[in-house]
1. Want the number for R350 to E251: 0.36 nm per residue separation, take away the alpha-carbon distance, what's left?
2. Based only on the alpha carbon positions, what is the Kirkwood hydrodynamic radius of the range 330-377, in angstrom?
3. Roughly speaking, what % of Cα-Cα pairs in the range 142-217 are separated by over 21 Å, rounded to a whole number?
4. Apply 1/(1 + (r/R0)^6) to the Cβ-Cβ distance of T123 and A234, taking R0 = 35 Å, and write down the FRET efficiency to the nearest 0.05.
5. Please work out how much length the chain gains when fully extended from S403 to L292, using 0.36 nm per residue of separation minus the C-alpha to C-alpha distance, in nm with one decimal.
6. Dividing the Cα radius of gyration by the Kirkwood radius, what Rg/Rh value follows for the range 184-336?
7. Once label points are set 7 Å from the Cα along Cα→Cβ at both A46 and E258, what is their separation, rounded to one decimal in nm?
8. Would you mind checking the range 150-176 for residues with the amide N under 17 Å from a putative spin-label position 7 Å along Cα→C-beta of R25?
Amino acid sequence: MNVLLGVCGGIAACKAPELVRELGRADCRVRCILTPAASSFCAPLALEILSGHEVWDESYLRPGTGGVEQHVELGQWADVLLVAPATANTISRLAWGLADDLLTTTALMVDGPVVVAPAMHATMWEHPAVRESVARLRQRGVRVVGPDVGPLASGELGVGRLAELPAIASAVLAAASSGDLAGRRVVVTAGPTWEAVDSVRFLANRSSGRMGFAIAERAARRGAVVRLISGPSALAAPHGVERRDVTSALEMLEAVREECEGADVVVMAAAVADYRPASAAAGKLKKRDGGLESIALVENPDILAELARMAPDAVRVGFAAETEDLIENARQKLASKGAHLLVANDVSRRDIGFDSHDNEVVVLRREGEPVRIGKRGKGEVADGILDLVRGELDARTRSAVIS
Ligand code: PMT
């Protein structure tokens, strides 16, 4: 998603480089415009390096720079316009449609959503002129995020601090989202499970959690209330997603049992171990001459298969990690595990599947042809899977209306 970040002149502008980073972490491409006052608070070079694009300011409006039409190109490029920090001055000019600098001129070229994150002194924020401008922007559908309460540049305490950067990024993602999963409760599992051999060793697999985290993140972006149940993973919880950590398959089963009550959708992207050691040694197993002959394994419960009983009304999505006969094996899992959608994942390749940034899958349905989602980032694959989930939810709504 393309985010055009307008930075205005206030002390909070020093947070703009970190905001560019935050948006980057959320898979956004960012370009920046600085108002004339902003460069006193924020070095354009920092924004240029972090965004990977040149930074635009008033110098582009001068004839002979070849940038006179810059507002047209930038406005058309932007999926979302974010103004952060937004000063009282810029808020008022945006509210009344003034176009007397590059940022406000470009704002009139943006036909996508606009998000504004104000930052100013508490007295300015409470001034009727600013209240009126903010109300006018809200009426036009502009999202206003913050300001927060806290210490201000003046040293006083009050409302006027720039909102937390993750909250601003979440507002941008939400503004651009279709919202087609709004109000839906979605449970996602991700990552590996660790099955203890002794007090320090375990059986595990190469799952990083990326695929499941991407599904959780995209579902939240589309308006769902998301619970992410994760096996051990170094990833940070996506914006707006509530995370619950577990270690073993038995713990994951318990967490899924509790969280799936009332869920509309359950997605099992976790790589759950099929087996666990029959018993875990209390301490660290001693090395013995001649080797360790065997570790007795017992079968773990199949969480996806049990979901049919635990969440009979939910749309149930499973994955199949296969190294051979991808479609045939996945088709068997679709039937035997009672899933509505089964995402077939070829894990014999190193460029997709386990511990990679990209994926390529085929989604099998109970009815209808399989849907291939070609190789792309896991975020986009997640969106493709969620489009099919939405199709299932829509079909249920239609059949409920008919009957
Ligand atoms: O985490 P990443 O590095 O991003 O990698 C992503 C992934 C490869 C792990 C993911 O895309 C994937 O394929 N996840 C499923 C892995 C797996 O366990 O596949 P399976 O074919 O063994 O299991 C089939 C389904 O049953 C899965 O939905 C699995 O969650 C579920 N299952 C398996 C065993 C078990 N005891 N209980 C289960 O619920």
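1. Taking R350 through E251 to full extension adds about 32.7 nm, to one decimal.
2. Over the range 330-377, the inverse of the mean reciprocal pair distance is 11.3 Å.
3. That tail contains 58 percent of the Cα-Cα pairs.
4. According to the calculation, E is roughly 0.20.
5. Extra length available between S403 and L292 comes to 33.8 nm.
6. Values: Rg = 16.8 Å, Rh = 16.5 Å.
Here the Rg-to-Rh quotient is 1.02.
7. With each label placed 7 Å out from Cα toward Cβ, I get 4.2 nm.
8. Output list for this probe position: 163-174.
The values are calculated or read from the model by the stated rules, or taken from the named source; none is laboratory data. Model, not experiment: these values are computed from the prediction. As a convention, Cβ positions derive from the backbone with ideal geometry for all residues, glycine included, and neighbour counts pool all protein chains shown. Keep in mind that these areas ignore ligands, DNA and RNA; they rest on the heavy atoms of the full protein, side chains included. Shrake-Rupley method; radii C 1.70, N 1.55, O 1.52, S 1.80 Å.
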